[in-house]
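Quick notes on the structure that follows.
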Amino acid sequence: MAPQITDAEMLTLAVMQALLGHTNEARWVRHAHRHLHGMFPYLPGQSGYNKRLRALAGTLSWLIRTLAKETTVFNDDVLLVDSTPIECARSRE
């Protein structure tokens, strides 16, 4: 039996999730069901979404790398790293 949602649609949903800043998968799936149902005739539930994305991990990695190559900073010598700030001078004796 063929999947009810294509790989391309799944990748589109994953990119939309990232671009719209949804970090919680369950909330994203609920948001998609409420607001994107017209664009996607079938939307899986959270477990189906999770399983399909895990199965598409290699394709998603390729897509991210391909899109990154199109940016001006892909071959830049400077690497920026963002991390959680660490407070100083608060250590216990």
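The values are calculated or read from the model by the stated rules, or taken from the named source; none is laboratory data. Treat the numbers as computed from the prediction; the structure is a model and nothing was measured. Virtual Cβ from ideal backbone geometry, glycine too; neighbours counted across all protein chains shown. Remember, those area values only see protein heavy atoms, side chains included, never the ligands or the DNA or RNA. Shrake-Rupley method; radii C 1.70, N 1.55, O 1.52, S 1.80 Å.
Worth a mention:
- Fraction of C-alpha pairs exceeding 19 angstrom in region 3-88: 49 percent, rounded to a whole number.
- Net charge of the neighbourhood of Ala32, taken over other residues with C-beta under 15 Å away and scored Lys/Arg +1, Asp/Glu -1, is +2.
- Loop GluC sites (Glu not before Pro), region 1-72 (other Cβ atoms within 10 Å of the site Cβ: 13 or fewer; DSSP): Glu70
- Sulfur and carbon atoms: percent of accessible area, the chain [1.4 Å]: 56 percent
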